[in-house]
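We did not get these values from a lab; they are worked out from the coordinates using the rules stated. Owing to the predicted nature of the structure, the values given are computational and were not obtained by experimental measurement. Heads up, the Cβs are rebuilt from the backbone with ideal geometry, glycines too, and the neighbour counts pull from every protein chain shown.
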Amino acid sequence: MAADRRAARLGVLAVVATLMLGALGARLWFLQTVESEALQASVDQTKTKTVPLVPQRGRIFDADGRILAGNDRMLTVAVDWDVISRSTDRAELFSRLSGWLEMPVEEMEARYDSERYSRYLPMPIKEDVDEPVAVALQERVEDFPGLSIIEDTRRVYPYAPLASHVLGYLGAITEETLETYLDRGYERNEIVGQAGIELEWEQQLHGKWGKAVYEVDAANRIMRTISVEPPINGYDIQLSIDLDLQQYAEQILQTQLRNRQTYTTRNPIVEDPNTREKGPMDPNSGPIVPYEAPAGSVVVMNHDNGQVVAMASYPTFDNRWMQAEISGDKFQELFPQTEDPDEAVLTNRAIQGQYNLGSAFKPFTAYAALSTGLIGSQDYYEDTGTYTIRSIEPEVCAAGVRCVLRNATCQDGLPCVYGPVNLRQALAVSSDAFFYRIGEEFYLRDRELMQEQIRLFGFGEDTGIDLPFEWGGRVPTDAVKEQLVESGAPGFEEEVPRLQVGDNILSSIGQGLMAGTPLHLAVGYGSIINGGRVLTPRVVQTVYEPGVPDGDAGYADLSRATVLRTIDAQARRVPMDPDLSQPIIEGLRQNVTGPGVNDRSTTAEELWDVNYPETAIRVAGKTGTAQGFKSFPWNDSSAFGAFSLDPAQPWTVTSYLEKAGAGSTGAAPIVKCIYLALSRVIPTEPVVVSDPLDLTSADVARPEPDTSLECARSSTPGTVPRD
C-alpha cells in the first residue's frame with residue numbers, strides 16, 4: 001500500500017512538472033514570437049536618451065537694424081526626473097552638486113518641489129553655469145547619474161532701460177496662462193513674454209522645439225546619435241522705433257518733469273457758496289503748492305503710414321531686472337505693490353494712461369460741429385469770458401447748481417475775454433466759452449450726436465496698436481454713465497444715470513467723462529492732416545525669416561535678410577474734405593504762430609516764437625490743460641498735440657505730463673524740442689550700450705542724464721527752463 005501511495009504522488013508531481021514546463025515553454029514561445037518586436041523596442045528604449053533642442057528666440061531690431069533684444073549663449077545643469085525620484089538618491093546627488101554649483105541643497109529641493117518645471121524635460125538645477133564647471137561635471141558623469149548640460153540662450157537687452165515699455169520683458173509661465181501655453185505646444189518651465197512686443201509677438205518670436213535621440217551606455221554616456229529633429233528658431237522682428245529719437249524722447253521727458261517739479265502754483269482764495277466765507281481752496285495746503293509732475297509720456301508717429309518711431313513713458317524700468325538672479329525681497333523693493341498710480345512704473349502711459357485731454361481735444365469737437373452743420377467755419381460767437389447754461393431753469397441755478405462757466409484766467413486774475421471769435425480764432429486762443437456753447441447745442445439737438453462724430457477718430461476704443469494692455473478710452477454716453485454709477489465711482493451718485501447737459505459741455509473741452517490716451521490723441525491729430533485716414537498705429541514694421549545675419553557690431557545685416565512680411569497700417573476714413581479740415585488746421589497753426597485775439601496771445605505762440613528757426617518743420621498744434629482731483633491747480637495735467645505741415649516730414653507728436661500745470665508750460669515744450677530734433681536743428685546724443693546691471697542698486701531704472709532745455713525757452717518770463 002505504501003508503494004502504491006508513493007507511485008501516486010510521483011505521478012501527480014510528474015503531471016504538475018509537465019504542466020509547468022509546458023506553460024513555461026508556451027510563455028517563451030509567446031515572448032520570442034508574438035511580443036518580440038515590443039520587447040526589443042523596450043530594450044532599445046532603455047538604451048536611448050531624448051534631448052529636447054531649444055529654439056532660439058527671435059531677435060528684435062530698431063528701424064536701423066540695431067539689436068534691441070538678442071540672445072546670449074547660456075549653459076544649464078539639468079538632471080533626469082527618474083534619477084531623483086527617490087529622496088535618498090536626490091539628497092545624495094544634490095549634496096554632490098551643491099559645492100560645484102555654489103548652490104544650497106535647499107534651493108535645489110525647492111525647485112524639485114515646485115510645479116514650475118515640465119516632467120517631460122530634465123529638471124534645470126542651475127542656469128548660466130560657467131563653462132569650466134560644466135565641462136568638469138561632464139567629465140565626472142559617473143558621479144552624477146542622470147545629469148546633463150543643456151546649451152540654452154538668455155535674453156539680453158543691450159540698451160536697457162531704453163524702450164523697455166515697448167520691448168517688454170520675459171518671465172515664467174503663470175498658472176493663469178499655463179493651459180493656454182501647453183495647448184500651443186510649450187513646455188511648463190519655459191520663459192515667455194510678459195509685456196510689450198515680447199508678449200504681443202510671443203508666438204512669432206518663440207519658434208518650435210526640436211529633439212535629438214541618442215544611444216547611451218549604462219552610465220548615461222552618449223554612444224551615438226540616432227536621430228535629430230532640428231528646432232525652428234523664432235522670427236526676427238524689426239520695429240519702427242528709431243532708438244536715437246527714442247533716447248531723446250525719454251531724456252527730454254524726464255528732464256522736463258524734473259524741471260516742472262521746481263515750479264509752484266498758488267492755492268487760490270475762494271468763497272464758500274454756503275457761508276460766503278472766503279478761504280484757501282485747500283485749507284490743508286499752504287499758499288504756494290509745488291507741482292508733483294510724477295509721470296508723463298511722449299508719442300511720435302508717422303501720420304502717413306501709422307508707424308510709431310518713438311514712445312516714451314515715465315517712470316520707466318530696466319527690463320533686465322526680470323531675469324536677474326535677485327531675491328523676492330529685492331524684487332519687492334524694486335517693484336512694490338502700490339495703489340498709487342503715480343508710482344506704477346510698469347504702466348505704459350502712452351497707451352494705458354486714462355486721461356482727460358483738456359483743450360487738446362477741442363479740434364475733434366470742432367470737427368463734430370462743422371460736419372453736422374451745427375456751426376459754420378465763419379460763424380462768430382461773442383466771448384464775454386463766461387458762458388451761462390441756457391437749458392437749466394433759473395430757479396435751479398439759484399438753488400446752487402453751477403450754471404455760469406468761465407474761461408481760463410488771464411494775467412489780471414479774471415476770465416479771459418476774447419470778444420467775437422470764429423472757429424479758427426477759438427482754437428487759436430482756446431476759448432472755452434465758444435466750445436461750451438457747442439456742447440450745450442449738441443445736447444439740445446441729440447444727446448449723443450457729438451459723441452458719434454468723436455468716435456470716428458478712434459476715441460472710445462482700442463487704436464489696435466500691436467502692444468498689449470491698451471486702454472480703449474471713454475466716450476460719454478448714457479450707458480457709460482450708468483456703468484460708472486453702478487460701479488460706485490466717486491462723484492457718480494445720480495438716481496437716474498443718464499447724460500446731463502453738464503456732461504456734454506465738459507466733454508466738449510476734453511474734461512468730465514471724456515477720456516483717452518496720448519496715442520488716441522496722436523491717431524486723431526494725424527487723421528486731421530492726412531486727409532481723414534484714421535490709421536492703426538504700428539510698432540512692428542517687418543518680420544524676417546529666422547537667422548538674420550549679424551552686421552556691424554550691435555547691428556543686424558538687414559540687406560542679407562529674408563523678409564517674411566511687412567506690416568502695413570490699416571485705415572478707415574473720416575469724411576475730411578477741405579471745408580472741414582482747413583479751418584481746424586488753420587486754427588491749430590495760429591495757436592502755434594499767433595496772432596491772438598483782443599490783445600490776448602494764443603496759448604502756444606510765446607513758446608514757439610523763441611529758438612524755433614524758419615528752417616525747422618512747420619507745425620500746427622494745440623495746448624491742453626486738464627483739471628485734476630478736486631480742481632486743485634497743482635493737480636492740473638498738461639497736454640499738447642501737434643502735426644507737421646510738411647508732407648515730406650509727416651510727423652505727429654503728442655505729449656502728456658501728469659500734475660505738471662498748463663499745457664503751454666508742461667507738455668508743449670517737449671513737443672517743440674522733439675520737432676527741433678526731427679528737423680536736425682538740435683543734435684541728439686549717440687546711443688551707447690548700457691553698463692552691466694548693478695544688482696545692488698535700488699533704482700528700478702538708471703536715471704537718464706538730463707538734456708538741455710534751451711530748446712524749450714519761451715518769451716513768457718519764468719516758463720521753462722527755470723533760470
FRET efficiency for residue 462 and residue 135, Cβ-Cβ distance as r, R0 = 56 Å, nearest 0.05?
0.60
Chain lengthening between residue 694 and residue 339 when straightened (0.36 nm per residue, less Cα-Cα):
125.1 nm
What length, rounded to one decimal in nm, is gained on full extension from residue 127 through to residue 24, with 0.36 nm per residue of separation minus their alpha-carbon distance?
31.8 nm
So how many Å³ per residue does the convex hull of the Cα atoms of region 367-454 work out to?
103 Å³
Rounded to the nearest Å, the spacing of the alpha-carbon centers of region 516-573 and region 288-306 is 21 Å
The ³J(HN,Hα) series, computed from each phi in region 568-579 with the Karplus coefficients 6.51, -1.76 and 1.60 at θ = phi - 60°, rounded to the nearest Hz and given as x for glycine or proline, is 9, 6, 7, 8, 10, 9, 9, x, 9, 6, x, 4
Work out the count of Lys pairs in the chain where the Cα-Cα distance is under 18 Å, with the pair 8 or more places apart or on different chains.
6
Which listed residue (575, 661, 24) has the Cα farthest towards the positive end of the charge dipole for the chain, taking +1 on Lys and Arg C-beta and -1 on Asp and Glu C-beta about the Cα centre?
24
Would you mind checking the radius of gyration and Dmax of region 49-234 based on alpha-carbon positions, in Å?
17.7, 56
Residue by residue through region 675-685, the couplings from Karplus 6.51 cos²θ - 1.76 cosθ + 1.60 with θ = phi - 60°, in Hz, x for Gly and Pro, are 5, 5, 5, 5, 7, 6, 6, 10, x, 9, 6
Per-residue [θ]222 nm for the chain (sum of -39500 (n - 2.57) over DSSP H runs n ≥ 4, rounded to 500)
-9500 deg cm²/dmol
If you put +1 on each Lys and Arg Cβ and -1 on each Asp and Glu Cβ, how big is the dipole of the chain around its Cα centre, in Debye rounded to 20?
980 debye
Taking the dipole about the Cα centre of region 49-234, with the C-beta of Lys and Arg at +1 and of Asp and Glu at -1, give me whichever of 203, 168, 76 is farthest to the positive side.
203
Interchain or sequence-distant (5+) residues whose placed amide H lies within less than 5 Å of the amide H of residue 226 are 213, 214, 215
Distance in Å, no decimals, from the C-alpha centre of region 602-649 to the one of region 46-113 is 53 Å
Restricting things to alpha carbons, tell me how big region 659-698 is in terms of Rg and Dmax, in Å.
16.1, 41
Using modelled amide H (1.01 Å from N, peptide plane; none on Pro or chain starts), what sits under 5 Å from the amide H of residue 550, excluding residues fewer than 5 places away?
557
How big is the Rg/Rh ratio for region 524-572, C-alpha atoms only, Rh by Kirkwood, two decimals?
1.19
Note to self: C-alpha centroids of region 206-257 and region 320-370 sit apart, in Å, by 29 Å
Estimated vicinal HN-Hα couplings, Hz - region 646-654 in sequence order (Karplus 6.51, -1.76, 1.60; Gly, Pro = x)
9, x, 7, 10, x, 9, 10, 10, 10
Tell me the label only: which of (i) 51, 28, 24; (ii) 67, 29, 25; (iii) 40, 29, 26 is semi-axes √(5λ) of the Cα gyration tensor in Å as calculated from this structure?
(ii)
